[in-house]
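Read through the structure below, which is laid out as structure tokens, and then see the notes.
No lab work stands behind these numbers, since they all come straight from the coordinates. If you're wondering where the values come from, they're calculated on a predicted model, not measured in any experiment. Because the Cβ atoms are built from the backbone with ideal geometry, glycine has one as well, and the counts that use them run over all protein chains shown.
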Amino acid sequence: MLGGIISIFSFLGLIYYTYKMIKRYQNTTGVSWRIQIGYICYSCKTPVKNIEDISYDEANSDDKYCLCKVCKRDEDIDSLTGNIKTKLINKIKILLLKDFKKLSIVHFSIVVILVGIGLTFNIKYLSALVNVMNFFYAYVNYKRTVLMTEK
Ligand SMILES: [Zn+2]
């Protein structure tokens with residue numbers, strides 16, 4: 001019973017965030033390329049360099065993620081006071097931007113294993129767990145979309 005309720009709410013949440021993600025793609029401009037080449041800050045999306053200053057080689061390499069002066073300063077100030085929140089948030093942002101494929105592979109591997117175990121041993125609660133995991137995946141995917149787009 002409880003498993004069923006959890007599953008229903010997770011599924012509704014999944015639909016909600018998938019819908020929000022699609023809407024976000026429709027109503028905004030993609031900036032992932034500009035983030036990749038380090039033209040805009042990956043945290044706050046303000047321009048870091050002039051687009052004319054970016055060389056052809058730089059534009060074709062895709063590992064130039066960087067922070068603007070303001071975000072870098074915020075990180076430094078936080079580090080000084082022993083607060084790691086800003087740094088942690090920026091680390092999560094980078095992880096979502098750069099390593100989302102790996103994250104997806106890990107997620108779907110776990111889902112397949114859990115479904116396999118659940119079906120083999122007839123454990124009902126595992127399907128609720130899988131639904132909760134899929135909900136979080138949809139949520140994280142939406143957050144990633146927000147990072148990669150701009151109004
Ligand atoms: Zn910034």
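I need the peptides 5-16, 72-83 ranked by packing, meaning the mean over residues of other C-beta atoms within 10 angstrom, with the highest value on top.
Highest mean packing first, the order is 5-16, 72-83.
Just to be sure I understand the model, the point goes 7 Å from the Cα along the line to the Cβ. What's the resulting Asn27 to Tyr56 distance in nm?
A separation of 4.1 nm, rounded to one decimal place.
In the chain, which Cys residues have no partner Cys with a Cβ closer than 4.7 Å?
Unpaired cysteines in the chain: Cys44, Cys66, Cys71.
Regarding the chain, what is the average projected area of its C-alpha convex hull, in nm²?
11.7
Taking the Cα centre of the stretch 67-151 as origin, sum charge times position over the Cβ atoms of Lys and Arg (+1) and Asp and Glu (-1), and report the length of that vector in debye to the nearest 20.
With only Lys, Arg, Asp and Glu charged at Cβ, the dipole is about 160 debye.
Cross-link partners among aspartates and glutamates for Lys98, C-alpha distance below 12 Å, same-chain residues fewer than 8 apart left out?
Asp62, Asp63
In degrees from 0 to 90, rounded to the nearest 10, what is the angle of the helix 85-98 Cα long axis to the longest principal axis of the chain?
Approximately 80 degrees, to the nearest ten.
Counting only helical runs of four or more DSSP H residues, what would the 222 nm mean residue ellipticity of the chain come to if each run contributes -39,500 (n - 2.57) and the total is spread over all its residues?
-23500 deg cm²/dmol
Could you give the spread of the C-alpha atoms of the stretch 31-98 along their three principal axes, from largest to smallest, in whole angstroms?
40, 22, 16
What are the semi-axes of the equivalent ellipsoid for the stretch 32-71, taken as the square roots of 5 times the Cα gyration tensor eigenvalues, largest first, in whole Å?
16, 10, 7
Long-range amide H contacts for Thr149: which residues qualify at under 5 Å (H placed 1.01 Å from N, peptide plane, sequence gap of 5 or more or a different chain)?
Val31
Over all directions, what mean area does the Cα convex hull of the stretch 99-151 project, stated in square nanometres?
Across all orientations, the stretch 99-151 yields a mean hull projection of 3.7 nm².
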